[in-house]
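Accompanying notes for the structure given below.
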Amino acid sequence: MTVDAGPRTGRIRALGIDVGSTTVKIVGVDAQGNLAWHLLEPATPRVEDQVARLLERARQETFEVRSIPLVATGYGRKLVRQAARQVTEITCHARGVYRELAHGGTLVDIGGQDSKVIGISPKGDVVDFAMNDKCAAGTGRFLENTASRLGVPLERMGQVALSASEEVVISSTCTVFAESEVISLIAHGVAVEPILRGLHRSLIKRIVAMIRTVGLAPPLMLSGGVVQNQAIPRMLEQETGEKVILPSCPQLMGAFGAALIALETLPGGET
Ligand code: ADP
């Protein structure tokens, strides 16, 4: 059921695993801390079995995992008993993004069921953060639920939203009510494109409100699976007036940061 596996591009010296509410990611880094290998799968309810299976796969792919340090992060990190340490997603996302973008600023991580805004100092330290894990509005789930009602595949949602010349205001802030509102709009003959644009706007406004609680220190950086939706960076730029920058693999940043922390435990590993 693996949906994404990257080729191995170097000798793996440390591993990070991010057990998210929606997906599980494993990243391997080489001695220089370069992202050298990864696996990504939808999360299953039996987290411990899934983690054991994925680590076995990692062992086969990297040959020497048994002696390799492993750090776990994400919502299910405490269930990874094979890990030497468990570290919060806040620290790991900041670590991964700072390593790739080499910038302090404001990082926004939008996952399947939570979202976070993290202030990062010019030296890469976390200086402040805000987190929403209580409400699906402002997370991937908000778009997924309603987009499936509209019959638009996840990967095309952003493109369809951006193609709209008009935008419908979605007044419900709750995901469940927004879904009913969308059904009603469709029944009244409103086109899919402006509805989807309005849904994205609603999510973006939630995120911007969170950014304001932390304060925006440019640049605005993004991580998490949802930011692969091209409408998210575009509409965040419009809404904040700030340039938005993305790492090359935004969904892997938590696992990458965890792997970088694992690498530090090796004698002579990078700090
Ligand atoms: P978590 O770490 O909380 O499990 P992720 O950061 O892995 O979540 O993000 C998962 C979410 O990302 C999915 O639920 C989905 O909404 C979204 N997503 C993943 N890939 C895409 C894509 N190509 N386009 C739009 N959304 C995506």
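Read-outs: derived from the displayed coordinates by stated rules, not from any lab. These numbers come from a predicted model, not from an experiment. Heads up, the Cβs are rebuilt from the backbone with ideal geometry, glycines too, and the neighbour counts pull from every protein chain shown.
So here's what we get for this one:
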item	result
Percent RCO, i.e. relative contact order, over segment 174-271, from Cα pairs under 8 Å lying at least 6 residues apart	22
Cleavage-rule hits, trypsin sites (Lys or Arg not before Pro), segment 108-197, DSSP coil, Cβ neighbours within 10 Å at most 16	K123, K134
Residues H188, H200, H93, H103 arranged by fewest to most Cβ contacts within 10 Å	H188, H103, H200, H93
Fewest-first ranking of V169, V117, using other Cβ atoms within 10 Å as the exposure measure	V169, V117
Other-chain or far-sequence residues with amide H under 5 Å of I245's (modelled H)	L220, M221, L222
Phi to ³J(HN,Hα) by Karplus 6.51 cos²θ - 1.76 cosθ + 1.60 over segment 216-222, Hz, x for Gly, Pro	9, 10, x, x, 8, 10, 10
Estimated 222 nm signal from helices in the chain, with DSSP H stretches of n ≥ 4 weighted -39500 (n - 2.57), rounded to 500	-12000 deg cm²/dmol
Coil-residue trypsin sites (Lys or Arg not before Pro) of segment 1-48, DSSP, other Cβ within 10 Å capped at 15	R8, R11, R46
Residue among T62, T22, T213 with the largest mean-square fluctuation in a Gaussian network model of the chain, springs linking Cα atoms under 10 Å	T213
Loop sites in segment 85-177: GluC sites (Glu not before Pro), DSSP, at most 16 other Cβ within 10 Å	E166, E167
Contact order normalised by residue count of the chain, Cα under 8 Å, 6+ apart, percent	24
